Each structure stands twice: as C-alpha cells, then as structure tokens.
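Only the coordinates and a few stated rules stand behind these numbers; no lab work does. Quantities reported herein were computed from a predicted structural model and do not represent experimental measurements. Virtual Cβ from ideal backbone geometry, glycine too; neighbours counted across all protein chains shown.
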Amino acid sequence: MMTYLEDGHCSISNNLSENSIRPVTVGRRNWLFCDSTDGANASMMVYSLLETARLNGLNPQKYLEYLLEARPDKNMSDEGLEKMAP
C-alpha cells in the first residue's frame with residue numbers, strides 16, 4: 001500500500017478543488033433569496049449544467065442556448081438525451 005507522501009505524482013496543493021467550489025460559495029449569497037427549495041434546486045441544476053459545459057470546453061452561454069432551443073422533455077429517448085449532454 002502506498003501512502004500519500006510516498007507517491008510523487010500526488011499534488012500537495014488543493015487549489016484545484018478550492019477553485020472549483022469557489023463559485024458555489026460566492027453564489028450562496030444570491031441563493032439566500034430563492035423563495036423555495038424547488039427554486040434553489042432549479043438554480044443548482046442550471047449551475048451544474050453550465051459548470052459541466054465549461055469543464056468540457058464548451059461555451060456555457062451557447063450550450064444553454066442550445067438546450068433551450070432543443071427543449072428536452074420526458075418523451076425523449078436516452079440516446080437523444082445523451083446527445084445533448086456536454
């Protein structure tokens with residue numbers, strides 16, 4: 001078994017993790033004013049979509065426009081929904 005200190009490939013810094021959650025912690029101030037739990041959940045779903053698009057090298061605004069134009073619904077097949085994923 002290899003421990004953290006014996007593996008030279010492990011990064012000592014956690015900056016990548018901290019930077020990835022920074023928008024969530026900064027956004028909390030805005031989410032305080034969501035009127036309901038459903039509203040907060042909807043905000044986080046959109047945020048998650050945009051961050052996933054960004055991580056996959058897509059323009060988040062263009063990806064959101066694409067999703068709004070395509071309007072996925074419950075009748076779409078799994079293959080159709082998979083094509084829309086970033």
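Structure notes:
- The slack in the chain from Ser77 to Asn41, taken as 0.36 nm per residue of separation less the alpha-carbon distance, amounts to 10.6 nm.
- Each eigenvalue of the Cα gyration tensor of region 31-86, multiplied by 5 and square-rooted, gives one semi-axis; in descending order these are 22, 16, 9 Å.
- HN-Hα J in Hz across region 75-83 - Karplus 6.51, -1.76, 1.60, θ = phi - 60°, x for Gly and Pro: 8, 6, 6, 4, 5, x, 5, 5, 5
- Calculated FRET value between Cys34 and Leu67, using beta carbons and R₀ = 25 Å, to 0.05: 0.75
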